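Let me begin by presenting the structure, written as structure tokens, before commenting on it.
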Amino acid sequence: MPAYNAGAFIADAIESLITQSQGNWQLVIVDDGSSDDTFEVASRYERLDNLIQVLRQENQGPSAARGRGVASASGEWITFLDADDCLEPNAVETFTNCVEKGNNLIYIYSHHDGWKYYSQTIGLEEYRRASLLQEYNTGPWCKLFHRSLFTPNVFDIPSNIRSGEDWIMNIRIAFNLTGTVAFRREIVYVCRNYINPKSLMKTQKGSWEYTNAYFKEFIDSIPLECQSEYAYEIALNLSQAYHSQWRKTWILPKESKNCYIPERLRYYEECQNIRLPVFNHIEYNVTNPLFRMILDYLERMVGLVRRHLITPKHRYFTS
């Protein structure tokens, strides 16, 4: 459990583990340089229960905190619990039943107010593509990982990458994978986004500079020998990042065309012969303000139709 300024709500997270229906667990809490009473609250539980260990470090971000926690944990299976969330009362029992009956290296579970899955098992290549395209919840939680997947590179993410770092973590794990992955229908997690107004997800302000740095790290997380095989997935993510940044900007600034993401997009289209969806391809090639305005409104209308008239079916999700 990485924790930063979580003193107001971390007790709920810890209690949700202490009160589990099954007791074969260990909790490692890493206080990542909090300035409030997070360490004191967590330490009170450590004194009461020898299954809890509390560590403290200077603020280095969630990746470093998770990495230290994994290094300190003694179990064969690892799951992550954010300090502002909770586990369902039977989560540990569900985890135990799955690993005793199954033969997978990753289990991905459903959670309240979020993603719910059909129970099914998928192979290595499908999971890698699903990870690159975020076809499942690529947050750190609601998953059970075999310890062998956590090689040193998994958490070796620059400290300035603090938003979306969990997606990069999952991509690195996907390329360490040598077995199968099971999606599970059971709900094990309660995600409480509303409880922490200062979470990184809510306070991290994006910028074009950050987006370029992030996607450089994203691509570097894919082994070089695999990048051609997954070139389409890489290019699609780059084009979507470009879309998110510039879709409503009709007069483009110079930095939108002369930096990492557009340069890599040109490389994938020209050198790797990647053919992106029409809107994605047009958007980063059109610079005329009038054409960009027309394209923007056309995309909005198409999006409206898709949302209201077309119900997409997803191979992993259930209602």
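A few notes on this one:
- ASN160 vs. criteria within 21 Å of ILE219 (Cβ to Cβ) and at pLDDT below 95: yes
- In region 260-276, the residues that are within 11 Å of LEU236 (Cβ to Cβ) form Cβ pairs under 7 Å with partners that are in a helix (DSSP H, G or I) and open to solvent by 50 Å² or more (accessible area, probe 1.4 Å), at six or more places apart or across chains, as follows: ILE274/TYR232.
- Hits in region 234-255 (condition: within 19 Å of ILE294 (Cβ to Cβ), within 27 Å of the chain's Cα centre (by Cα) and of a type in the set (Val, Ile, Thr)): none
- Test set (1) open to solvent by 60 Å² or more (accessible area, probe 1.4 Å); (2) modelled with pLDDT under 95 - SER110 fails condition number: (1)
- Taken over region 264-274, the criterion of being open to solvent by 80 Å² or more (accessible area, probe 1.4 Å) and touching a Lys or Arg at 6+ places or on another chain (Cβ under 9 Å) is satisfied by no residue.
- Region 140-157, subset open to solvent by less than 10 Å² (accessible area, probe 1.4 Å) and modelled with pLDDT under 95, residue farthest from ARG66 (Cα to Cα): CYS142
- Taken together, ASN137, ASN160, ASN170 contain a single residue that is open to solvent by 30 Å² or more (accessible area, probe 1.4 Å) and of a type outside the set (Ser, Thr, Tyr), which is ASN160.
- Here GLU229 passes the criteria (1) in contact (Cβ under 8 Å) with a residue 24 or more places away in the chain; (2) closer than 24 Å to ARG172 by Cα; (3) among the charged types (D, E, K, R) except the one numbered (1).
- Scan region 114-134 for residues that are open to solvent by 20 Å² or more (accessible area, probe 1.4 Å) and not in a loop (DSSP other than H, G, I, E, B) and the total you get is 7.
- Candidates SER43, SER34 - the one that is polar (S, T, N, Q), open to solvent by less than 50 Å² (accessible area, probe 1.4 Å) and part of a loop (DSSP other than H, G, I, E, B): SER34
- If you check LYS254, LYS216, LYS313 for being over 30 Å from TYR118 (Cα atoms) and either open to solvent by less than 40 Å² (accessible area, probe 1.4 Å) or modelled with pLDDT under 95 (or both), only one passes: LYS254.
- The number of residues in region 86-113 that are in a loop (DSSP other than H, G, I, E, B) and aromatic (Phe, Trp, Tyr) comes to 0.
The values are calculated or read from the model by the stated rules, or taken from the named source; none is laboratory data. These figures come from a predicted structure and were not determined experimentally. Counting neighbours? That spans all protein chains shown, and the Cβs are built from the backbone with ideal geometry, glycine included. Areas reflect the complete protein model, heavy atoms only, side chains present, ligands, DNA and RNA absent. Shrake-Rupley method; radii C 1.70, N 1.55, O 1.52, S 1.80 Å.
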